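The values are calculated or read from the model by the stated rules, or taken from the named source; none is laboratory data. Keep in mind the model is a prediction, meaning the values are calculated, not measured. Quick reminder, even Gly has a Cβ in these numbers, built from the backbone with ideal geometry, and neighbours come from all protein chains shown.
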Amino acid sequence: MASVLALGRRLCQRASLGAEQTGHVMMMRLLSLLQTLSTIAVLLVATVVSPASAQTNRILAVVNGDVVTQNDVTSRARLFALNAGAAAGPQLVERLAAPILRLLVDERLRAQEVQRRRVSVTDADVAESIADIERRNSLPPGGLVRQLRAAGVEPRTLYEQIRVQIGWARLVRAMGGSQTNPGETEVAEFLAARRARAGQPEFLVSEIFVPIDDPDEEAAVTNFVADVVSQLRGGVPFPIAATQFSQSQTALAGGDLGWIGADEVDPDIADVLGRMPPGAIANPIRVPGGFQIVALRQRRIAGVQNATILSIRQAFLPFVGTLDPQNPSQQQRDTVERASRIGGGCQGVEAAARGGSRPADPGPITLESLPPALRAIVAPMQPGRVSQPLIAPDGVLVIAVCSRETRNLAELTPEVARTMIVRERLENVSRQQLREARRRAQIEMRTASADRG
């Protein structure tokens, strides 16, 4: 039961499922905590305190006057290891050093471009993003900061990273101009093309794109993407690797491409997708501009994906301390007893959740997307019924089903079609702007020996 309840705590992470069509839904999840943690870059200015510290934190690159240090690279590698559940030993740092350095250089370029074009990002914008992350991951106010400090990450590094992400997204949208607002005719043509594909296979895909800007880097990038695939197949969550290493705009959504047809990707990618079973991760595929790693999450026939959409309410009553099932404290006993008395359908559960750390309404969810154990509990519940207390190590969850309906998620709405058009166009603008920033930049890559000299 404890494991079932642990799954129950993930309801908030699935809050947006079913709220829109699948491509848009995944975009709603782009600020999940794992994805955010994995995108943090530690932006430090190198200072020479002593000859010994200079050797330890030597400058690896200078990007238009801004430095990238050994500590920056090491911190990013350790952060990746932390989120992947791997040991951050010297071998891991060495293996990831080259691609991480390249990513950090690009991050400096993005930050500089945002500043150069005077894209405004206020402290309130950053605070709102932090609060949104906490809400989507059922964290109390300040919970994210505590998690970062527990992981050895200074909160200001997250604030700086979020500021750059917000600024770059705004810059790209501004540079896209009218392209970011497709007209009714364009949307109608897009929908017509999708309807014409009815009956053909579609694929729910995640991607990692790693560019090759210099032919001399191809061997190193080849080794790196092979190592990423090995890590993924070893259990590293795809969104973590995507947000950490992908240079596509989809990195902000954990690499999610949404539902796509074979005609929407490179022919080599389409060929591989057609032969992959759901859940598989392909070997790196050479495409124009770099390497692409794809994971096939699901497949379906275009135009058909019926799902049960639920509206629920939830109340989470926390324990003081972690539950010992063999020796619960009096507070924990009282909390379970109080949860068992919650009634009154959705209104009663919403009232019980008032003032709690988790939202009473996590938003529409799809029954089919829930983990099997939790789905077995929720599936037979009729509207208005309140569940038995679901006990987890940190508290008790009570759920009420408010409504359910069957919906064809594969049927695109104009709003979702517009989102998909804009996403593709912004991806092209983002890559173009970054290429231009690289072309204009003065980037000095330093070796250890050069730095010592």
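Sort out which residues of the range 298-351 are β-branched (Val, Ile, Thr), within 30 Å of Arg275 (Cβ to Cβ) and not in a strand (DSSP E or B), and write them in order of number. Even if it seems obvious, please write down each step before you answer.
Here is the first cut: in the range 298-351, the residues β-branched (Val, Ile, Thr) are 301, 304, 308-309, 312, 320, 322, 335-336, 342, 349.
Cutting the leftovers down to within 30 Å of Arg275 (Cβ to Cβ) gives us 301, 304.
Listed by number, the list holds a single entry, Val304.
Of all residues in the range 382-404, which are under 26 Å from Val304 (Cα atoms) and either in the same structural domain as Gly258 (by TED's automatic domain parsing) or under 28 Å from the mean Cα position of the chain (by Cα) (or both)?
Passing the criteria: Val401, Arg404.
Restricting the first residue to the range 374-396 and requiring it to be within 27 Å of Pro328 (Cα to Cα), which pairs with a second residue that is small (Gly, Ala, Ser) and assigned to a loop (DSSP other than H, G, I, E, B) meet a Cβ separation below 7 Å and a spacing of at least six or different chains?
From the range 374-396, the pairs are Ile377/Ser387; Val386/Gly343.
Among the acidic types (Asp, Glu), within 30 Å of Leu103 (Cα to Cα) and surrounded by fewer than 16 Cβ atoms within 10 Å (Cβ to Cβ), is that true of Glu424?
Yes.
Restricting attention to the range 184-239, report how many residues are basic (Lys, Arg), surrounded by 14 or more Cβ atoms within 10 Å (Cβ to Cβ) and in a helix (DSSP H, G or I). Walk me through how you get there before you give the answer.
Of the residues in the range 184-239, the ones basic (Lys, Arg) are 194-195, 197, 233.
Narrowing further to those that are surrounded by 14 or more Cβ atoms within 10 Å (Cβ to Cβ): 194, 197.
Filter again for in a helix (DSSP H, G or I), leaving 194.
Residues that pass the stated criteria total 1.
If only one of Ser129, Ser75 is modelled with pLDDT of 75 or more, hydroxyl-bearing (Ser, Thr, Tyr) and under 30 Å from Leu317 (Cβ atoms), which one is it? Before you say what the answer is, go through the steps one by one.
Details: Ser75 fails: under 30 Å from Leu317 (Cβ atoms).
Just one listed residue meets the conditions, Ser129.
Name the residues in the range 352-374 that are assigned to a helix (DSSP H, G or I) and of a type in the set (D, E, K, R), would you?
At the first step, the residues of the range 352-374 found to be assigned to a helix (DSSP H, G or I) are 352-353, 367-369, 372-374.
Selection gives Glu368 alone.
Can you tell me which residues in the range 232-282 are on the phi > 0 side of the Ramachandran plot and either at pLDDT 85 or above or aromatic (Phe, Trp, Tyr) (or both)?
Gly255, Gly258, Gly279
Please tell me if Thr250 is surrounded by 20 or more Cβ atoms within 10 Å (Cβ to Cβ) and in contact with a helix residue (DSSP H, G or I) (Cβ under 6 Å, 6 or more places away or on another chain).
Considered against the rule, which asks whether it is surrounded by 20 or more Cβ atoms within 10 Å (Cβ to Cβ) and in contact with a helix residue (DSSP H, G or I) (Cβ under 6 Å, 6 or more places away or on another chain), Thr250 comes out as no.
To keep it simple, each residue is scored yes or no on (1) touching a Pro at 6+ places or on another chain (Cβ under 8 Å); (2) surrounded by fewer than 16 Cβ atoms within 10 Å (Cβ to Cβ); (3) without any contact (Cβ under 8 Å) to a residue 40 or more places away in the chain.
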| residue | (1), (2), (3) |
| --- | --- |
| Ala262 | yes, no, no |
| Asp271 | no, yes, yes |
| Pro284 | no, no, no |
| Pro288 | no, yes, yes |
| Ala295 | no, no, no |
| Ile309 | yes, no, no |
| Ile312 | yes, no, no |
